[in-house]
Amino acid sequence: MGYGIIEPRAGLHVPGTVRLFDDDETEEDAGGNVNASRLLKHGTGKESDLVLVPQPSESPNDPLNWPLWKRDLTLFILCLAGSIAGVIGPAIAPINGVLVKEFHTTYKEVAKWSGWQFWSAGVAGLIACAFGRVYGKRPIYLFSIMLVLGGAIWNALTTSKTGFLVSRTIQGFGLGAFETIIPSSIGDMFYVHERGKRVAAYNLAFLGSTYFMPILGGYISMRHGWRTQFIIIAAFMAAALVLAFVALPEHVYNRPAIFNTDTSSTENVRELAHLAEGTASSEPKEDTTTATTAAAAPEVKKTLIQEMALYNGRFSSDSLWRLLLAPFVLLCYPATLWAFLFQGTFVTWGIGVSIILAQLFAGPPTHFGPEKLGYMYAFPFLGALCSYLLASQLSDRIATTLARRNGNIYEPEFRILLVIPTAAVALPGLFAFGWASEHHVHWIVPSLCYGLITFAVVMSCTATFSYVLDAHRDVSLEMMVALLLIKNFWAYGSTFFLNDWVQSAGATKVFYIIGGVQGAICLLSVGMYVFGKVQRDFFARHNLLKMCGLYPTKIEDVGGH
């Protein structure tokens, strides 16, 4: 048992559990993997004793073999486009009161406009997952950027409630891909020990920007009209489209399964070691044959034009209908349910505050206009920034430090320990926000409390995305979609009751209840940490997707196209 994580009774290798460092003292463990791991590819410099997980193939087209600057540039473009797409949702937060007056509607109706954006983003995430598996992610990202761009232009020009609703829905269809497949893109391009800080960077870009935009949006709306901010967003999105078109390469790659040491069996590690030594295994295996063939017939490096092609062949032989059904099966997995309960609810309440903020402060006694409502997002942005800085340091450091102390064995459950700083900061923030909002203290106090909540939003996303990537990387894309579906539909549903609930019960009671619920959810994470490896082992041996014939397959030779 490593640091409180219960070992499965079967005693077999569990996907996600990997040897992350060489052991200089022990020649061979009970499974005979120490010597084998020394023959695998390692990091360089200070990380020379760190085993690369997964193992890169010999192909120059394998994203794991790209130079680090190219991988980081690709992620930067995705984060840039994602951040611009992300700000379009909360852009209306400081102008809800203005929209109520201009369109002669209610706060509840304006909240529903955001709700439909959540709904369409959930549907789009499901579609993006299926098409991304089959045709690659580059065309999905480009099409999503165009949808957000079109939705922003429509939003700037609309003069009716119906037009506003339709534009928000179109924006949601573009937003879905950035909520679901960017974390899986990180899994495509980076090793286990590199993912934590980059997942945190993505969360800051996507979520942090959503708390920075209202500050600018309120100021712009007061001086130039609320439509101007959508024109500015559209201009930046057009620039992101050009950048993505010329510098965002396709990064889906079907490397032979034997190289995926984080999802394969222990025997595959030994076979890779034999291949590294240039010796043949005494036991013929399909994976070994595949790897040997790949080594014997190296691929030709793609040109820049080939990498930027909109069509790169099929990466999967599955039908789109099968891929559309797969995320629904993953709703039965404990990892999906825990990720929603922990991350999805914190994200929803973070969004919920933005929905009710004008309701709480636009009227008496504060009478805040869009500019002052925008200023209330100063601490939420700082909270997201501080969360990123802490998560980027803690996530990978906790993983590698505990792996060393755990006999050099890494367990994905180490990522769950980020629940501790999340709970310590967010729970007081939830209780205090409710009290401060209702008792009309200085606006800095509820803004500061809101910042504590957004700290939890970024930290919880870093913990859950990192865990899903490491524990279930083979189906991480489908699991992200399953998480998005229940999270966004829950957020969509909250727009139908949150405003009325706050109005009838008061902010104090509402956020005391929410704080209590979130505290119980954080306690449930203890069970996920302790029994996480047991459930990984169970679902590896009883794979529901394989039982239903929905497990994603791939075309092994697509990577060479």
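The values are calculated or read from the model by the stated rules, or taken from the named source; none is laboratory data. Source: prediction; values computed, not measured. Quick reminder, even Gly has a Cβ in these numbers, built from the backbone with ideal geometry, and neighbours come from all protein chains shown. The area values use the complete protein model at the heavy-atom level, side chains included, leaving out ligands, DNA and RNA. Shrake-Rupley method; radii C 1.70, N 1.55, O 1.52, S 1.80 Å.
Give the accessible surface of the chain per residue, rounded to a whole number of Å², with probe radius 1.4 Å and ligands, DNA and RNA excluded.
38 Å²
Check every DSSP H run in the chain and write down those whose alpha carbon atoms cover 24 angstrom or more along the long axis and whose mean Kyte-Doolittle hydropathy is -0.5 or greater.
Result, helices passing both filters: 68-87, 107-135, 138-157, 161-189, 226-247, 378-405, 419-438, 444-471, 476-494, 507-541.
Dipole magnitude of the stretch 61-212 about its Cα centre, charges +1 at Lys/Arg Cβ and -1 at Asp/Glu Cβ only, in debye to the nearest 20?
80 debye
List every residue whose amide H lies under 5 Å from the amide H of PHE21, counting only residues 5 or more places away in sequence or on a different chain, with H placed 1.01 Å from N in the peptide plane.
It is VAL51, by chain and number.
Have a look at GLY163, LEU320, VAL199 and report the one farthest towards the positive end of the charge dipole of the chain, computed about the Cα centre with Cβ charges (Lys/Arg +1, Asp/Glu -1).
GLY163
Going by Cα centres, the stretch 457-527 and the stretch 79-125 are how many Å apart?
With the stretch 457-527 and the stretch 79-125 each reduced to a Cα centre, they are spaced 19 Å.
Is there a quick way to get the dipole size of the stretch 393-458? I mean about its Cα centre, with the Cβ of Lys and Arg at +1 and of Asp and Glu at -1; what is the value in debye to the nearest 20?
Numbers: 4 positive and 4 negative charges, 53 e Å.
With Lys and Arg at +1 and Asp and Glu at -1, about 260 debye.
Pick out, from PRO94, PRO380, MET459, the residue whose Cα sits farthest towards the positive end of the charge dipole of the chain, with +1 on the Cβ of Lys and Arg and -1 on the Cβ of Asp and Glu.
PRO94
Stretch ILE398-THR105 to full length: gain in nm at 0.36 nm per residue minus the Cα-Cα span?
That pair, ILE398 and THR105, stretches by 100.5 nm at full extension.
Using a 1.4 Å probe on the protein heavy atoms, what percent of the accessible area of the stretch 479-560 belongs to carbon and sulfur?
70 percent
Specify which labelled value, from (i) 234; (ii) 138; (iii) 181, agrees with volume of the Cα convex hull per residue in Å³ derived from the coordinates of the model shown.
(ii)
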